Every structure is written in C-alpha cells, then in structure tokens.
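First the structure, in the form of structure tokens, and then the observations on it.
Every number here is computed from the coordinates shown, using simple stated rules; none is lab data. Because the structure is predicted, anything quoted here is derived from the model rather than measured. Here the Cβ positions follow ideal geometry from the backbone for every residue, glycine too, while neighbour counts run over all protein chains shown.
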Amino acid sequence: MSDLLSVRDLRIGATIFPPGEAPMDIEIVHGVSFDLQKGKVLGLIGESGAGKSTIGLAALAYGRGGVRITSGEVLLDGEDILPLDKKGIRKIRGARVCYVAQSAAASFNPAHKLGDQVIEATVEHGLMTRAEARERADYLFEILGLPDPKNFGNRFPHQVSGGQLQRAMTAMALCSKPELIVFDEPTTALDVTTQIDVLAAIKNAIEKTGTAALYITHDLAVVAQISDDIMVLRNGDTVEYGPVQQIIENPRQEYTKALVNVRQTKQTEARDQTDALLKVENISAAYGNGVQVLHDVSLHVPRGQTLAVVGESGSGKSTLARVITGLLPPFKGSIKFGDEELSNAQKDRSRDHLRRIQLIYQMADTAMNPRQTVGQIIGRPLQFYFGKRGAERKKEVIKLLDEIEMGEAFYDRYPAELSGGQKQRVAIARALAAQPELILCDEPTSALDPLVAEGILDLLLRLQKERQVSYLFITHDIAIVRAIADSVAVMLQGKLVDFGPRSEVLNPPFDDYTDLLLKSVPEMELGWLEKVLASRKMESAGH
Amino acid sequence: MASPLAGVRAARHRLKETHPLSVLIAERLGLSVLLLWAVSVLIFAGVEALPGDFAETYLGQSATPQSIANIREDLGLDRPITTRYFEWLGGVVQGDFGNSWASGAPVTEQITKRLGNSLFLAFFAAAISVPLAVGLGMVAVHYRNRIPDRVINVVSLAAISLPEFFIGYILIVFFAVQMGIATFPSTVYDNMPWSERLAAIALPTATLVMVVLAHMMRMTRAAIISVMSSAYMETAELKGLGAFKAIVKHAAPNAIAPIVNVVALNLAYLVVGVVVVEVVFVYPGMGQYMVDAVTVRDMPVVQACGLIFAAVYILLNMAADIVAIVANPRLRHPR
C-alpha cells in the first residue's frame, strides 16, 4: 500500500530574538522522517520544545510565528507540498489536510455560529454545496456524540462546553472528508472524564471516515489508545519510532523507558492520620455574585503528611485553598490550625498565622515578579517574617537554593531566564523561606512536562521528610494522587464526595464518582479505551 | 420585609438573564440622561462662578452702581440661583435656551444655524478622516514594521503632536498666502453657493483631519493586529481561506468594537474641539459663537453651547458603547 504522507529529512528553523543580542537563526527540528499510510494514525509524542506541533503543522506546509521549513520533503500522495505557491497550498489546507488545535475555545471565531464555521472550508473549496455540507455536519455532530446534533450548529462558541467545542473542531476537520487530519493535543485542556468521551469520539470518527491522522500529545497513555505507530521526539530529534505495541511494551531507548514508567508510586501511605494540623469544618463559601461554590466541606490535613484534593475544573478545589488562606472568607464553618482557631478573613490573621501557611501556584510564571531576581524573590519572605537582611539573608537564600537543587549560580537570575521546572522550584523555595507548617500546592505540576513534574514531586516529598511540612495538594491527576498522597479528598460541584486514607478511597468499594474518575484516567495499556467503553456500556445496559 | 429596592434589583436581575442586550442598552440610555443632567448643573454653576459680570462688561466706562443694578434686575439676576437654574432647565427641555443678553435675540435660533455650520465642517472632516484612518491602519498592518508602516506612524504622530492652531496657520501660510489656491478666511454665509462653501471649508477640514487621524489610525492598527494574532485567524488560514476573505469574515467582526469606540471619541472631538480651529479660520460655527459669548459674559449663550457640546459628546460615546454591546455575541446570544 502506498504512503499517504511521507516526510523526508524535514528540517525546520526559527529566528529568535534574545534580549540584548542580535537575532539568531536556530534549527528546531533536525531532519525527521516518517511515513503514514491511508487510514492509519501516527502518534507524535514528546515534551514541550520537542518540535511535535511544528512537525504536525509542516504537514500543512505551515510555520507558526517566525517558524519556517528550511529543507526536506513533505509528500502528500507522492507530491511534495513544500514548493507549492500560496494558491496551491490553500487548495490543500482545509480540503485534503485539516488541523485540530489544542484550544478549540480560542480557535473558533466568537463572532460566528459553530455550524457556519464547521462547513466553511468545505463550501469555500467547492467540495459540497451549503446544504450538503450542513447535512454532513449534522451527521458528524451525531457520530461525535454532540447533544441535539440537528441544532448544535446554530449555537455560538461561548454557548457550549469545552469538551463539546473540541468535538465540534473535530467535526470541522472531518467535514471536508480530508485524507489527513493533524490533531494537536486535542484533549490536553479537558478534564479526564471529558477527555475519555472526546477520545472515544475521535477514534470512532477516524474509524468511520477512514481518514489518516497525526496525533500529537505529551501523554503516552492517551496516544497508546488511538495510534498504530508512535514516534517519540526530543529536542527536534527522533528518539524512537515504531509500532505502538513495541513502544509501550518494549521500549528500546532510555528516554522512552522513562516516559513509559513515569507514573509510579513513590510514597507509602502514613499509618496514623489522626494528628490533624489543619482542620476544616463545615465550610460553605460563595463568591460575590451569590453563587455558592463550596457546600459544607469538612476535612483535615494530618501533620507532616499530604492530603490530595482531586476533582475536575469547577469542583471547588481551588476555592477551598482560597478559603484556607483567608482570601475568600466562608459564610459558614470554621478553620482550625493546630490548637488555634484561624480567623476567616486573611486581614484579621496574625503575621505568624500567615507565615505558617504558604502557597505554590500552578503558574509559577505569573506568581513571580518578572523584574525581581531569584535572590530577591526568595529573600522577601526571609525579610518580611524574620527581619533578615544583607549578607545573612543572602546566606539563607543560597541555602534554600541548594535545597531545591539549583545552587548559588541562580541567585542573580531573572524568572525569564529559568525553565518551567526551575521556576516552580524557586516558588517552592520562596514558600519554604517562611518555614511554614502547611503548604497549599495548587496544581504545581500540571503545566509541566511529565519528567520535569516527576522531579518536582520528588523534591516535594524529600522536603516533607526533612522538614515535616504538610501539603494540601490540589490536582486533577489521579496518577499524582497515587504517587504522593497519604489521604485523599474527592470533590464534585463544590461538595466533598469522598475523604479518607488513600488506600481506602482508591480501592473498592468506591464512591460512584470516584469510580468514574479513576476509570477515566488513561492507562499505559493497549486496548484500555475499548475496555472502559465496554464496561460503561454494560453498566448502562444493566440499569 | 423585603425592601422595594430589593424587588427592583431582583426584577433587573431576571430581565438581565432573559434580555441582557435590552437591559444593557436601556442602562446606557438612562446613564446618559443622568450624566447630561449632571453636566447641566456643572455648567450652570461653573458659569455662575466665572469672574466678571455681564452688566459691567456691557456698560464699560459708563457703569454706575445704579445702572448695573438696573441691568441685573432686568435680567433677573437678583433672584436666587436655584430658581434661575430650574427656570433655565425647564426652558432647555422644551428646546428654549432663553435670550442672549448681548443681542436680546433667542439663543436657540442662532445656535441652530451655528450648529448647522459646525456639523457641516465636522461631517466633511469625518467623511475624509474616518475612511482614511481605517484604510491607513490596514495598510500599516499589512506592511507591519516595514517602511510604509513607519512612515504612516511618524507622519500621523507628527501631525497629532502639533497644536491645531499651528497646523491651521501653517496651512494658511502655504496654501492661501503663498500658493493662493485656498480660500481664507473661511467665513460662510446663508445662500452661499455649494462650490464656494466647500472651497471655504477646505483648510479647516484639512486641519481637523490631521488632528484626529493619528489616534484613529493607531487604534485601528492595534485592534487589527491583536485580532490577527488570535488563534481563530490561524484556523482560518489553515482552512485554506485567502487572506482577504479571512480578514473580512473573521477579523473584521471582532475588531469593530474597539475601532468604533475610538472613532466615536474623535467624532465627538470634531464637534467639540473645533473651537480653536473655527477661531483661527474665522468660521461662523458653534466654537466661535461660544468664544465671542465668553468675551462679553453672555451667559445664556455660553451655557447653551456648553450643554450642546456635552450632549454631542455623551451621545456619540453612548452610540459607541451600544455598538460595542451589540457587536459582542456573548451579549447578543446569552447561553
């Protein structure tokens, strides 16, 4: 069988503008080659900066921003599309090759109805009449499992949910009956329970329409469910390229092995969880607009241990952290810290109370002043809480930098000069500088690549052992819960649905929602998706 | 017991759920009326607080305490300020701005003519500057950071940096005095033939255009650049749409609101800010009328001009707000 897409020695370059220096040309993809046959799916996987999106977009002869393809061939059905002029390439985009972006919410035009946008390319390229395209869109909405498919197209992007938008974008890509679709992290921004639906919808649609696909993701477990072949990329180079079964079950390269084994238990659960450091009792809270976001939540964080709070977006887990810090005073309930009662509002708390609870945020980037050096950022709490200045303060900061495995060399650096993982380490050091007893971690690893996130988790666990600090760890990732938690709280729509030691919450008998959540987490196992979907069908048939 | 205010609030909230657009527009209208009323108070009080006195200015050398008192009594200035304010306001709502102290003629009649002249000038300035600004903004985006973009930016910035009277005089020196191809002064009168009228306003129009161009051009450029860098424009490109089609269908609807806002602001300036330009070119519009009235402390005229300027300003800004509201699909189509 002939290859639909054949990429030969693809090299992609970009111009970067380092501050204070002359613009520089760099190469970001160094000679990548692969083949894709009709109706097959190739997974491109790697960390951020691996070049996977750049390679995916090259299949549409497109370079994002200042990115350009410097050499190589992209053969679509035997014809190299790179030398084509603007008009020629336009005939291919949206007709023979389509693209599904990571953020459908940003990729749909807010000013037009979804239906019009879905059929736009098909009609524009003269592939179908408006009426035919509409009919096809309705059919696609239906096989993608969208609600009320006949009327779905009449809605505006802001009127549907994120998961629905992602499926609508898949419908948009499928509408013109393309030979190839590039999926660029289509489920990364979704909750796990939504991700599984979208994943199943995409897989079903690919099978029914016979289109080929490039599936780009950083999540090996996801790509294992949908691909025939997998290419592992790192820093613009191919690390390993082979059939999905070989990559998952028998990886040859060290890097691939690390990716496959990334989700492993690190911590044995603490036996005694009765010594509560923080006790939250019957908390109910609402935002200014009168919408209640927390309903009667009670839980505790044991001293020197980790409580993981899991839930999907909108479940109220971040709000719980805001309540504990006092940023959002609850209208009902109390917060106990050790033997003392904490004031509900942050402004009423003593400086010592403030010191003992610190925060680490998801976006270390936005939580730091870009105009301050690492030394100033970490030194600030030392001065604020302990009055340390000058050489004494610097010595403490360097000690903390050693503790987070970064060292003195970073003292004068600015946040912009650090990688994502390093920024998060600095944020951890800043929290530690206050010598807190409790650190609230709000998804500190979810914006990081798996291996970097792993390093952060290791660091947090080591610090916990050394300093006996407690964590309230907010996450949507069950794998992290399995890895680090002593106790687990599961939240749904502002209510606590399950709370207890990890071994109890994550093992049967399950709460219904916890069960759904656990089953939705992709596993590094071939055929996992089918198994889950089959078990769901059986359940609904049994009812 | 629920207070009546809470009931109103709840009703407003319910309406806002079902008809967010109508509620928002009604709110804007209400706020505009409120604002206009507040301005009327400010103008009346401000004019009252102005130093100098009409009677003294009017009588000049021949002023005696007795004659001053007589004039004040004739004009009703001996009555309390609140009485005079409400009398004036009552007239204004019926379209009667009172009589000029200087000439004794009804202000409304004079103002209608003067406002007509001012609007005539503003209309032509707008008709030239708005399309030109939006067009140049688009050209600047197309040649972003290249020579044409820089030239447009520098020239329009230079124009906005010069005070309008300076631009006015320079234009007069070059085009009217040295080259002799333009008319000066720009005085227009009733029954003036159209061709002459247009020739007369050429220089003041050019001055106004240069003053408002840069602001609108730069805002258009910024709005389009921000829209062009959004993800949905990439989607349009990856759908294989042509550049022109993508701009018209996908960029324009989202760039409209910010552009309309700055256009409205500048249109308001064209009407309100012409005072200096009209004086420089001796153009018989509202601006000159007001300046003349201020010199002789002819308060009813000053008040009328001030209020009309404020009304134009508020009206145009309200219109821009409403366009922005209507252009927002989230408000047009609630969930």
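With R₀ set to 56 Å, the beta-carbon distance separating A:Q435 from B:T18 gives a calculated FRET efficiency near 0.55. For the residues of A:110-118, the average number of beta carbons from a partner chain within 10 Å of their own beta carbon is 4. Using all pairs of distinct alpha-carbon atoms, the Kirkwood hydrodynamic radius of segment A:342-493 works out to 16.0 angstrom. Charge dipole (Cα centre; +1 on Lys/Arg Cβ, -1 on Asp/Glu Cβ; no other charges) of segment A:204-342 amounts to roughly 200 debye. Only Cα pairs under 8 Å and at least 6 apart count here; give the relative contact order of segment A:480-543 as a rounded whole percent. RCO, segment A:480-543: 18 percent. Segment B:221-273 and segment A:362-424 have Cα centres lying 42 Å from one another. With angles folded into 0 to 90 degrees, how steeply does helix A:114-124 sit against the dominant principal axis of chain A? Use alpha carbons for both and round to 10. Between the helix axis and the principal axis of chain A, the angle is about 30 degrees. In chain B, one over the average inverse separation of all distinct C-alpha pairs is 23.4 Å, which is the Kirkwood hydrodynamic radius. Computed from the C-alpha gyration tensor, the three semi-axes of the ellipsoid equivalent to segment A:80-203 are 23, 17, 13 Å, from longest to shortest. As a size descriptor, the averaged projected area of the C-alpha convex hull of segment A:266-380 was calculated at 9.5 nm². Percent of C-alpha pairs per 20 Å bin in the protein assembly as shown, short distances first: 12, 32, 33, 18, 5, 0. Give the Debye-formula value of log10 I(q)/I(0) at each listed q (0.31 Å⁻¹), with one equal scatterer per alpha carbon of segment A:430-482, two decimals each. Debye intensities relative to I(0), on a log10 scale: -1.39. The orientation-averaged projection of the convex hull spanning the C-alpha atoms of segment A:210-252 amounts to 3.3 square nanometres.
Helix A:374-386 and the longest principal axis of the C-alpha atoms of chain A enclose an angle of approximately 30°. Applying 1/(1 + (r/R0)^6) with r as the Cβ-Cβ distance of B:H142 and A:E142 and R0 = 56 angstrom yields a FRET efficiency of 0.85. Annotation for segment B:295-328 versus segment A:327-342: alpha-carbon center distance of 53 Å.
For the residue pairs A:K257/A:K423; A:K317/B:K249; A:K86/A:K177; A:K113/B:K245, alpha carbon separations beyond 29 Å are given by A:K317/B:K249. Along its first, second and third principal axes, ordered by size, segment A:1-71 spans 52, 23, 17 Å in Cα coordinates.
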